[in-house]
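Structure record follows, encoded as structure tokens.
Coordinate-derived values only; no laboratory data. Predicted model only: the values in this text are computed from it and were never measured. For neighbour counting, all protein chains shown are included, and Cβ atoms are generated from backbone atoms with ideal geometry for every residue, glycine included.
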Amino acid sequence: MDEKTFMTAEGLERIKERLNYLKSTKRQEVADKIAEARSYGDLSENSEYDIARDEQQSVEQEIFDLENKLKSAEIIDPKKINTKKVGVGCKVSLTNTKNNQKFEYTIVGDIDSNPLKGLISNSSPIGAGLIGKKVGDVAIIKTPAGTVEYKITKIKI
């Protein structure tokens, strides 16, 4: 796994807590459901058993995904953020070149992404389109709503 998963220290703690819950509590809850469903008899027509097995598969997949994110985690260190160009951890001020609307986004990893709070993922169309740009550059970004052009007016921590 070569791809890094950028996250804040808080994001890392959320992942660890979720993983601990899944391994220590949720796995046992699902195992109990499977055991109870088995006690009903014939498994070929036992919908409770099928539902519990599906839930087990979902829990195990989430555990697998979270463990991989932890293995590839790279914590965003504010002391190491370069503000000469847009990167993960930067707060970027933008102006839409067509309507002069102003935006401010902080580029974060997927774990910490919350667009409603101005935290956009480095892998989102806008985040990816801004990475590597400098103040004064215009980023032409294809989004689901169409192509937009943003002029970068400021990069800070």
Relative contact order (%) - the chain, alpha-carbon pairs under 8 angstrom, separation at least six: 23 percent
Taking the Cα centre as origin and putting +1 on Lys and Arg beta-carbons and -1 on Asp and Glu beta-carbons, what dipole magnitude results for region 78-156, to the nearest 20 debye? 380 debye
Gain on full stretching of the segment that runs from Lys16 to Gln28 - 0.36 nm per residue minus C-alpha separation: 2.5 nm
If you work out Rg and Dmax of the Cα atoms in Å from the coordinates, which of (i) 34.0, 97; (ii) 26.1, 77; (iii) 21.6, 69 do you get? (iii)
With 21 Å as the limit, write out which pairs from Lys133/Lys156; Lys26/Lys117; Lys16/Lys85 have Cα-Cα distances beyond it, or answer none. Lys26/Lys117; Lys16/Lys85
Exposure proxy check: Leu116, Leu70, Leu12 ranked by fewest other beta carbons within 10 Å? Leu116, Leu70, Leu12
Nearest 5 is fine: what % of DSSP beta bridges in region 106-150 come out antiparallel, could you say? 65 percent
